[in-house]
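The values are calculated or read from the model by the stated rules, or taken from the named source; none is laboratory data. None of these values were measured; they are calculated from a predicted model. The accessibility values were calculated without ligands, DNA or RNA, using every heavy atom of the protein model including side chains. Shrake-Rupley method; radii C 1.70, N 1.55, O 1.52, S 1.80 Å.
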Amino acid sequence: MVEGPRSEEEVKRALKEMKSGKVLGPTGMTSDLMKGAGITGELTKVSSKIVDEGEIPIEWKNSVTVPVYK
């Protein structure tokens, strides 16, 4: 079962809890960009669709790991 925010208020709360200053993920969006873009309505629709269909988009499961040598 996939769970996630179902209301704009839940999305706003989730965005507030995201750490700032992190590097870009595969989507090219930072948490800072999502917080300032005013897209809570769109994020709510997407998260609701994911919960309704019970499946996370395959693109969201991808990640890039880059070794950093010291």
Area accessible to solvent at Ile58, 1.4 Å probe radius, in Å² = 110
Could you tell me which of the pairs Lys12/Lys49; Lys22/Lys70; Lys16/Lys70; Lys35/Lys70 are separated by over 23 angstrom between their Cα atoms in the structure shown?
-> Lys16/Lys70; Lys35/Lys70
Relative to the longest principal axis of the chain, what angle (0 to 90°, nearest 10) does the C-alpha long axis of helix 40-53 take?
-> 80
Helix 8-17 vs. the chain, principal-axis angle (Cα, 0 to 90°, nearest 10) | 20
Rounded to the nearest 10 Å², the 1.4 Å probe accessible area of Val11 is 10
Once log10 I(q)/I(0) by the Debye sum over Cα atoms at q = 0.12, 0.20, 0.29 Å⁻¹ is worked out from the coordinates, which option in [x] -0.27, -0.78, -1.55; [y] -0.38, -0.95, -1.35; [z] -0.25, -0.71, -1.48 does it equal?
-> [y]
